[in-house]
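Here, each number is a calculation from the coordinates, and none is a lab measurement. This one's a predicted model, so the numbers in the text were calculated from it and none came from an experiment. No Cβ is skipped: glycine too gets one built from the backbone with ideal geometry, and neighbour counts run over all protein chains shown.
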Amino acid sequence: MKVILKTMLATLLAIVTPAFLWSQTKPIPINVSLFNESTAIPFTRFITTPVHPGIQVGTEFDYNRKSHTRLFQTANISYFYHNYLAQGIGIHTELGYECRASMGLALTGLFGLGYMHTFATTEEFRHHNGQYEKKSDKGNARLIPSLSFDVGYYLRCADTYSPKIYLRYEAWAEYPYSPDFIPVLTHINLHAGVKFFLSKKSISHE
């Protein structure tokens, strides 16, 4: 399973990264969000406590854009810290569809798939030869499907490259979690984020 997940990760990087770096001839969108992660059944909870912080940074490109809708692809890297459970760093890509009103309001749905590597946030021990020994933590490989919905607002309504602020609800799962006990563990992330654009011309002049 780990070999399969690592192969998927390498394939994802090989296909998605060059597309994001070289296919954009227009200003490059950058998405940055801070989020609160929680282990919960998706769509049963919205705001959760205590806060388990995370950050996500990514970009996107359009497959098809019309006056009020667009179909697009994302590439993201994220990190979260859940006290007494795990911390994880992951990459994932999403297929998204956005509807944008003339007044600047936007609704978006996204379906994603990615890879995450998690590490325990507490010490772990094993029983060996009558004694407990501290285990080394090489982490665990996870496959992470996700489903997200967000509501956002474009600050310059008529501008295609307007900055956007958004609130996103993301439901996701990690597999395999504990095959002999809990094969799949579900999570929710509540994001508060912003999208802005970088001009290729300004980058090349730096």
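Odds and ends about this structure:
- Proximal charge balance of residue 39 [Cβ under 12 Å; K/R count +1, D/E count -1]: -1
- For 150, 180, 159, order by how many other beta-carbon atoms lie within 10 Å, fewest first: 180, 159, 150
- Taking other Cβ atoms within 10 Å as a rough exposure proxy, 155, 113 sort from fewest to most as 155, 113.
- Between residue 97 and residue 182, the C-beta separation translates, for a Förster distance of 35 Å, into a calculated FRET efficiency of about 0.65.
- Footprinting exposure proxy for 119, 46 (fewest neighbouring C-beta atoms within 10 Å first): 46, 119
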